[in-house]
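**Student:** Quick one: the structure is below, questions incoming.
The values are calculated or read from the model by the stated rules, or taken from the named source; none is laboratory data. Since this is a predicted model, take the numbers as computed values, not measurements. Cβ sites come from the backbone with ideal geometry, for glycine too, and all protein chains shown count toward neighbours. Surface accessibility is based on the protein's heavy atoms, side chains included, excluding ligands, DNA and RNA. Shrake-Rupley method; radii C 1.70, N 1.55, O 1.52, S 1.80 Å.
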Protein chains: 2
Amino acid sequence: MLSEFSLIDRFFARRARANTRRAALGIGDDCALIAPPAGEMLAISTDMLVEGRHFLPDVDPHALGHKALAVNLSDLAAMGAAPLGFTLAFSLPKPREDWLTAFSAGLFELADRFGCELIGGDTTAGPLNLCITVFGSVPPGAALRRDAAQPGDDIWVSGTPGDARAGLGVLRGEWQADAADAAVFRHALERPEPRIALGLALRGVAHAALDVSDGLAGDLLHILERSNACARIDVDALPRSAALARLPQAVQRQCALAGGDDYELCFTAAPGARSAVEAAAQHAGVRATRIGTITVLDPADPARARPGIAWHDGSGAPLNLTLQGFDHFHAD
Amino acid sequence: MLSEFSLIDRFFARRARANTRRAALGIGDDCALIAPPAGEMLAISTDMLVEGRHFLPDVDPHALGHKALAVNLSDLAAMGAAPLGFTLAFSLPKPREDWLTAFSAGLFELADRFGCELIGGDTTAGPLNLCITVFGSVPPGAALRRDAAQPGDDIWVSGTPGDARAGLGVLRGEWQADAADAAVFRHALERPEPRIALGLALRGVAHAALDVSDGLAGDLLHILERSNACARIDVDALPRSAALARLPQAVQRQCALAGGDDYELCFTAAPGARSAVEAAAQHAGVRATRIGTITVLDPADPARARPGIAWHDGSGAPLNLTLQGFDHFHAD
């Protein structure tokens, strides 16, 4: 068994020291020292991943290293922030060298791809738990906030939400898929791609944005609540992967709207910005699909008296969907 | 049972929103936005606390709220940084209202005292685990780094290290103390006071500094390794509380040198700065005691060929102590 200090040094600190460019002082002191570029602010987000809740006990540790950082980078993407660095705190029942080798490889491959440096951390013995806090930078006026949606805005979503939830369903035996589709779903579940390039390209183009971690329906509601608005969503316009489109329609809707773990961006932009949104998506190499419209609150209309979503199908007929986002303290 | 979102809102977010002054954007968006004052850097530290490892299952939740933030603020103190804000991620088996009421009260009482704002967080179901990441600010040249000790520097320590370890020993039945002494020890263990005022007052006065979390001997070694130096420590000069001084001498030394959980500052300063150190300590309302000297590495002397500590007693006679700092992956 490795001691804590040799463990940190072997898998994390040595690497972090070699990499440190942006932090004036990284791992090995009481604090890391970091400053955003002149005129920019630091964007900060923290996420905790727990075994049995956010990942299965037999998860591939390389995939876990990727995902633990990816879900945090996704928060930066949703803010239009550029990654700078992160801290990693984790508790681990026993420090196993093969596990740590794979976990740190998955973590650093993603970190290197986005120039995001490990600047500090903490390790301890305990049930497996990973807590990453990520730091990015953004000019204050360019941040994509949840409270910035405007009536009349188009509502957009990146990628094809629902594949991660479809993958979880296959693992759980809730539904079946052939090997090729199952591989697509599993990749979506285990290797989400943070939409950093899209978030950066949407600065000055999008109004409100967030990342879809708990299901599109529930997360969009956060934008509506913060922006004090309603939404009309065309369920048939939802982008679906070819693999998801092969599952039953009810499963498709459940996965795409209430699935969770997608880490796609949901954002709003003025109708006049459609070509700019398309250009941003093309630049970022990711699909962006228009799925609805932001509408105003109307105290006289019970359906729009408070922030909420009106669902309809491609013909404009209303759909009565009762969906709920993923809530960690509810039974799934 | 409370849902995750109402839980966060009830105990943390509403409070955080009301408090937010320094963060341009706090809880409720994908990221918090924060900037250090002009010309200063952000000092960042993260600590994870696990039940059964860092606190006992029956810990008073008010004390736990205090301690979870205190150990992080202590890292800012050790850097000479002024507190700005923190993120809180925690996993919790079941959200119990009475527990959360007490925990959040302990947390915010300390946070308010130091003007340190909750700016973001994450909660999830899982074995009890608390991860706080804290942010402070410090002018880059004023940071108290571990690598800044100079040969000839005095070595100082604040407060009376050892009381927390003495308290753990009483709880574990390793030794006994009368009720009054046991209360002193328990307070030290459960309510460590982060030495923020001392850290700020030592800017421009001290050279190297760190906070004593894993035992004075082991932590001082971190300064020596980073500064490439040795130390001579007068064990009889170690400040001891009246309560600790009533325990057997061997227990006193064990607690004071290898105890852990003290959160006092250990720092070095030039001998010419003695009155400035005394003034800083007086200003901060905390005791500072000179306990030794930084010495140069000497490849010709096996005892000083690499960073290490030479222990001696008040008469100058060498002591052969074998002590080890607290290591989370070793059995205690």
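**Student:** How large is the Kirkwood hydrodynamic radius of the stretch B:99-144, counting all unique pairs of alpha carbons, in Å?
**Tutor:** That comes to 13.1 Å for the stretch B:99-144.
**Student:** Taking the 0 to 90 degree range and rounding to the nearest ten, how far is the long axis of helix A:163-172 tilted relative to the main principal axis of chain A, both from C-alpha atoms?
**Tutor:** So the helix axis and the longest Cα principal axis differ by about 70 degrees.
**Student:** With labels modelled as points extended 7 Å from the Cα through the Cβ direction, what inter-label distance (nm, one decimal) is found for B:Ala242 paired with A:Asp58?
**Tutor:** The modelled label-to-label distance comes out at 6.3 nm.
**Student:** Going 7 Å from the Cα of A:Ala180 along its beta-carbon direction, which residues of the stretch A:237-251 have the amide nitrogen within less than 17 Å of the resulting point?
**Tutor:** A:241-247
**Student:** Using only DSSP helix segments of four residues or longer, with each worth -39500 (n - 2.57), what per-residue ellipticity at 222 nm results for chain B after dividing by its residue count and rounding to 500?
**Tutor:** Working: 11 runs with 112 residues, N = 332.
That calculation yields -10000 deg cm²/dmol at 222 nm.
**Student:** OK, next. How many percent of DSSP beta bridges within the protein assembly as shown run antiparallel, rounded to 5? Before the final figure, lay out the partial values.
**Tutor:** Details: 84 of 112 bridges.
Given both bridge residues lie in the protein assembly as shown, the antiparallel proportion sits at roughly 75 percent.
**Student:** Residue by residue through the stretch A:248-257, which ³J(HN,Hα) values in whole Hz follow from phi under the Karplus form 6.51 cos²θ - 1.76 cosθ + 1.60 (θ = phi - 60°), with glycine and proline marked x?
**Tutor:** x, 4, 5, 5, 4, 5, 4, 5, 6, 9
**Student:** So how do B:159-168, A:104-113 stack up, highest first, on mean other-Cβ count within 10 Å? Don't skip to the end; give the middle numbers.
**Tutor:** Working: B:159-168: 26.5, A:104-113: 19.3.
In descending order of packing, they fall as B:159-168, A:104-113.
**Student:** Report which residues of the stretch A:129-156 become buried by 40 Å² or more of accessible surface when going from the isolated chain to the complete set of protein chains (1.4 Å probe; DNA, RNA and ligands ignored).
**Tutor:** Residues meeting the cut-off: A:Arg145, A:Arg146.
**Student:** In whole Hz, with x marking every Gly and Pro, tabulate ³J(HN,Hα) for the stretch B:216-224 from phi via Karplus 6.51 cos²θ - 1.76 cosθ + 1.60, θ = phi - 60°.
**Tutor:** 4, 5, x, 6, 4, 4, 4, 5, 5
**Student:** Next question. Carbon-plus-sulfur fraction of the accessible area of the stretch B:154-312, 1.4 Å probe, in percent? Don't jump to the answer; show the numbers that get you there.
**Tutor:** Working: 3160 of 6180 Å².
Ligands and nucleic acids excluded, carbon and sulfur give 51 percent.
**Student:** Which shape class applies to the stretch A:66-159: rounded if a/c is under 1.5, otherwise prolate when a/b exceeds b/c and oblate if not, where a ≥ b ≥ c are the square roots of the Cα gyration tensor eigenvalues?
**Tutor:** Numbers: a/c = 2.53, a/b = 2.35, b/c = 1.08.
It is prolate, given that a/c is not under 1.5 and a/b is the larger ratio.
**Student:** What accessible area per residue comes out for the stretch B:154-312, rounded to a whole number of Å², with a 1.4 Å probe? Walk me through the numbers on the way to the answer.
**Tutor:** Values: 6180 Å² over 159 residues.
Averaged over the residues of the stretch B:154-312, the accessible area is 39 Å².
**Student:** Charges only on Cβ, +1 for Lys and Arg, -1 for Asp and Glu: so what's the dipole of chain B about the Cα centre, in debye to the nearest 20?
**Tutor:** Numbers: 29 positive and 40 negative charges, 99 e Å.
Here chain B has a charge dipole of around 480 debye.
**Student:** Residues with amide H under 5 Å of B:Leu297's amide H, sequence separation 5 or more or different chain, H placed in the peptide plane at 1.01 Å from N; which?
**Tutor:** Counting only residues 5 or more places away or on other chains, the set is B:Cys230.
**Student:** Right, here's the next one. Using a simple spin-label model with points 7 Å from Cα along the Cα→Cβ vector, what separation in nm is obtained for A:Ala317 and B:Ala305?
**Tutor:** Simple spin-label model gives 8.7 nm for this pair.
**Student:** Taking a ≥ b ≥ c as the square roots of the Cα gyration tensor eigenvalues, with a/c under 1.5 meaning rounded and otherwise prolate when a/b beats b/c, else oblate, which class fits the stretch B:168-317?
**Tutor:** Details: a/c = 1.98, a/b = 1.31, b/c = 1.52.
In terms of gyration-tensor shape, oblate.
**Student:** Please work out whether the stretch B:106-231 counts as rounded, prolate or oblate from its C-alpha gyration tensor, where a ≥ b ≥ c are the square roots of the eigenvalues and a/c under 1.5 means rounded, while otherwise a/b larger than b/c means prolate and anything else oblate? Each step should come with its number before you reach the end.
**Tutor:** Working: a/c = 1.88, a/b = 1.17, b/c = 1.61.
Verdict is oblate for the stretch B:106-231.
**Student:** Further question: Unpartnered cysteines of the protein assembly as shown (Cβ-Cβ under 4.7 Å counts as a partner)?
**Tutor:** Isolated Cys, the protein assembly as shown: A:Cys31, A:Cys116, A:Cys230, A:Cys255, A:Cys266, B:Cys31, B:Cys116, B:Cys230, B:Cys255, B:Cys266.
**Student:** Quick one: the Cα spread of the protein assembly as shown along its three principal axes, in angstroms, biggest first?
**Tutor:** 93, 50, 47 Å, listed from the longest principal axis down.
**Student:** Here is a further query. Taking the full set of protein chains and a 1.4 angstrom probe, give the accessible area of B:Val184 in square angstrom, rounded to the nearest 10.
**Tutor:** Accessible surface of B:Val184 is approximately 70 Å².
**Student:** Once the dipole of the stretch B:154-312 is set up with Lys and Arg at +1 and Asp and Glu at -1 on Cβ about the Cα centre, which of B:Ala305, B:Leu224, B:Ala280 lies farthest towards its positive end?
**Tutor:** Checked the options; the winner is B:Ala280.
**Student:** Moving on. Taking every residue in A:222-230, how many Cβ atoms of other protein chains lie within 10 Å of its Cβ, on average? The partial results should precede the final answer.
**Tutor:** Details: counts 4, 0, 0, 1, 2, 0, 0, 0, 0.
Mean partner-chain Cβ count within 10 Å for A:222-230: 1.
**Student:** Measuring from centroid to centroid over Cα atoms, what is the spacing of the stretch B:202-244 and the stretch A:224-259 in Å?
**Tutor:** Going from one Cα centre to the other spans 59 Å.
**Student:** Another question, if that's okay. Nearest 100 Å² is fine: how much accessible area is buried between B and A, summed over both sides, with a 1.4 Å probe?
**Tutor:** Numbers: alone 15040 and 15070 Å², together 24730 Å².
So the total buried area for this chain pair works out to about 5400 Å².
**Student:** Which of the lysines could a cross-linker bridge to B:Lys94, judged by Cα under 18 Å and excluding same-chain residues fewer than eight apart?
**Tutor:** none
**Student:** A further question follows. If amide hydrogens are placed 1.01 Å from N in the peptide plane, which non-local residues have theirs closer than 5 Å to the one on A:Arg145?
**Tutor:** A:Ala209
**Student:** Then there's this: Can you give the accessible area of A:Ser315 in Å² (nearest 10), computed on protein heavy atoms with a 1.4 Å probe?
**Tutor:** Roll a 1.4 Å probe over it and A:Ser315 shows about 100 Å².
**Student:** Under a 10 Å cutoff between Cα atoms, tell me which one of A:Arg53, A:Arg287, A:Arg186 has the largest fluctuation in the Gaussian network model of chain A.
**Tutor:** Evaluated over chain A, the most mobile residue of the options is A:Arg53.
**Student:** Output, in nm with one decimal and in ascending order, the distances from the A:Pro57 label point to the matching label points of the other copies (7 Å from Cα along Cα-to-Cβ).
**Tutor:** Copy-to-copy label distances for A:Pro57: 1.9 nm.
**Student:** For chain B, what is Rg from Cα atoms divided by 2.2 N^0.38 Å, rounded to two decimals? Could the numbers behind the result be given before it?
**Tutor:** Numbers: Rg = 20.4 Å, N = 332, 2.2 N^0.38 = 20.0 Å.
Compared with the compact-globule rule of thumb, chain B sits at 1.02.
**Student:** Build a GNM of chain A with springs between Cα atoms under 10 Å: which of A:Leu144, A:Leu118, A:Leu171 gets the top mean-square fluctuation?
**Tutor:** Answer for the Gaussian network model of chain A: A:Leu171.
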